[in-house]
Amino acid sequence: MDIIEIKNLRLQTTIGFSAHEVDRLQEVVISIRIETDGRRAGETDDPNDVFNYKTVNKAVISLVKESRFRLLEKLAEEIAKTVVLRFEARRVQVKIDKPGALRHADSVGITIERRPEDYKRNVVFLSLGSNISPEKNVVDAIQLLRRHTNVLALSSVYRTAPQGDAHQDAFINMAVKLHTLREPLEFKTQVIDRIESRLRRTRDPNNKNAPRTIDIDISLWNDEAFEFGDRPWVVPDPDIAGFAHVAIPLADIAADYCHPTQGKTLSEIAAGFSAAGIQRIEIGFEPWEK
C-alpha cells in the first residue's frame, strides 16, 4: 500500500449556517491521504505511471472555491467523493479544520475515510409538478434537490393542463435525473417529503388532484421494478404510461431508457401521446450551489 498526502491545503470558502457565517468567506485547512499503487511508477520513473496528485489538488481547489456549504461534513464528503469516483482512488482520508470556529480552541475539525464501495450510486428519475407559484416553486425544488443529491440532468419545462380537476390553474411539469446513495424509502422520507414540506405542500384528503406548490414523485429507480413503503409506492410510476406530462419530460433526458415493465423506450412511450395542450416554456434555473 502506498500513500500520497496533500497536507494543509489552505483555502477560502463560504461555509456555515449561523447568521455571522452566511455569505462570508472563511478559511478551511484540508489534508488528504490517498491510497494508491506506486509500484509501476517506482519501476519505470515515468510520470505517466504516477497517480497525478496535481490534478486532484486542482479539482479540490475548484470544488471548495466555487461551492457553498453549511457543514464541514458535507464539504469533506464532496472532497472524498471527488477523489474516489473521479480519480479512482482505492481509499481516501479527508481531514478538514476550521480555524477559529470555537472559542479558546485553535480549530474544529472532522476526519472521514471512504472507499469505492461506500458510493453505490442509484440512478433515479423524478417527476416534478406545480401549479401554485409554479415558476418559483419548481426552481426552489431543484435547488433543494441539489443540496441533497447529485443532480445529473434537467428536462425541458412544460406548461400542461390540470388532470382530474380542471377548475384550477395550469401546471408546470419537468423531470430530473440524479444520483443518490439513499435507498427508496429513505429518499422518499428524508429528501422528497422534506422538500415538499419546505415548499409548503398540503394535501386535500377529499381531492387528490387539488392544486399544489410542488409534487415530486419517484418515476424510475435504476432499471428496477418494485414496491416500497406502507402505501405502497410503485416503481416504475404507473403514470409514465398514463400521462403525457410525465412521459414527455422523462423522454427528454433518457430517450433510450427501456422501461423495466413496458419493454419500450421512454421516447417510444412519449411518442404514443398527443402533445396537444403541452407547451414548452423557458425557466432560468440558478447556478449550481452545493
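The values are calculated or read from the model by the stated rules, or taken from the named source; none is laboratory data. Here the structure is a predicted model, which means the values were calculated and not measured. Glycine also receives a Cβ, built like all others from the backbone with ideal geometry; neighbour counts cover every protein chain displayed.
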Which of the residues belonging to region 161-186 are farther than 12 Å from ASN131 by Cβ, in a loop (DSSP other than H, G, I, E, B) and among the charged types (D, E, K, R)?
ARG182, GLU183
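One residue is enough: does region 105-123 have a residue meeting the conditions within 30 Å of GLN163 (Cα to Cα) and of a type outside the set (Ser, Thr, Tyr)?
Within region 105-123, the first condition is being within 30 Å of GLN163 (Cα to Cα), and the residues that meet it are 123.
If we keep only those that are of a type outside the set (Ser, Thr, Tyr) too, we end up with 123.
So far as region 105-123 goes, yes, one or more of its residues are within 30 Å of GLN163 (Cα to Cα) and of a type outside the set (Ser, Thr, Tyr).
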Filter pass, VAL108 being in a strand (DSSP E or B), at pLDDT 90 or above, in contact with a helix residue (DSSP H, G or I) (Cβ under 9 Å, 6 or more places away or on another chain) and surrounded by fewer than 15 Cβ atoms within 10 Å (Cβ to Cβ)
yes
I'm checking my understanding of the structure. Among residues of region 8-19 that are hydrophobic (A, V, I, L, M, F, W, C) and either more than 16 Å from VAL64 (Cα to Cα) or in a loop (DSSP other than H, G, I, E, B) (or both), which one is modelled with the lowest pLDDT?
ALA19
Enumerated strands (runs of 3 or more DSSP E) restricted to region 206-271, each holding at least 1 residues that are within 16 Å of PHE171 (Cα to Cα):
215-221
By residue number, the members of region 21-36 that are more than 15 Å from LEU75 (Cβ to Cβ) and at pLDDT below 85 are VAL22, ASP23, ARG24
Looking at ILE195, is it assigned to a helix (DSSP H, G or I) and within 25 Å of ILE283 (Cβ to Cβ)?
yes
Condition first: among the hydrophobic types (A, V, I, L, M, F, W, C), without any contact (Cβ under 8 Å) to a residue 40 or more places away in the chain and assigned to a loop (DSSP other than H, G, I, E, B). Now tell me which residues in region 20-61 satisfy that.
VAL22, VAL50
Kindly indicate which of VAL28, VAL84, VAL64, VAL60 is surrounded by 16 or more Cβ atoms within 10 Å (Cβ to Cβ), among the hydrophobic types (A, V, I, L, M, F, W, C) and over 27 Å from ASP106 (Cβ atoms).
VAL84
First in region 203-215 and without any contact (Cβ under 8 Å) to a residue 60 or more places away in the chain, second anywhere and assigned to a loop (DSSP other than H, G, I, E, B) and loosely packed, with under 12 Cβ neighbours inside 10 Å, Cβ under 7 Å, 6 or more apart
ASN209/GLY164
Tell me, which residue of region 141-165 that is without any contact (Cβ under 8 Å) to a residue 60 or more places away in the chain and not hydrophobic (A, V, I, L, M, F, W, C) is surrounded by the most Cβ atoms within 10 Å (Cβ to Cβ)?
THR149
Can you tell me which residues in region 223-264 are exposed (fewer than 15 other Cβ atoms within 10 Å of the Cβ) and within 17 Å of ALA275 (Cα to Cα)?
GLY242, ALA255
